[in-house]
Amino acid sequence: MSLKTIKDAIENKKMICPECKKPIQQFSKYAETIDAVRDGFNVIEIDSNASRVTLTCGNDGCDWSERTEYWLEYIVN
Ligand SMILES: [Zn+2]
């Protein structure tokens, strides 16, 4: 999960607003939270599964906005 995934989803209009069902126009305040860092056998592994963003619909007549870690749920295939 990364910033690029969110950017691509918005650019490709695959991030859908739950209120008006139109593509979400913008996001902000991206923050990646790192859950665990393991260092052993010369391998450093970083677990990161939570990227928090504020999604803003931005379509006319819709003021939906949400700060969420579960933005993946708004992406359609
Ligand atoms: Zn909307």
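The values are calculated or read from the model by the stated rules, or taken from the named source; none is laboratory data. All figures in this text were calculated on a predicted structure; none of them were measured in a lab. Counting neighbours? That spans all protein chains shown, and the Cβs are built from the backbone with ideal geometry, glycine included.
Quick notes
- Contact map, the stretch 53-71: first residue among the aliphatic types (A, V, I, L, M), second residue at pLDDT below 90, Cβ cut-off under 9 Å, separation 6 or more or different chains; pairs are 53/3; 53/29; 53/30; 53/31; 53/69.
- Subset tally (residues that are buried (at least 16 other Cβ atoms within 10 Å of the Cβ) and either modelled with pLDDT under 95 or within 9 Å of the ligand (Cβ to nearest atom) (or both)) for the stretch 1-22: 4
Results for (1) over 18 Å from residue 14 (Cα atoms); (2) modelled with pLDDT of 95 or more; (3) within 16 Å of the ligand (Cβ to nearest atom), shown as yes or no for each residue.
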site: 42; (1), (2), (3): yes, no, no
site: 46; (1), (2), (3): yes, no, no
site: 50; (1), (2), (3): yes, no, no
site: 57; (1), (2), (3): no, yes, yes
site: 64; (1), (2), (3): no, yes, yes
site: 70; (1), (2), (3): no, no, no
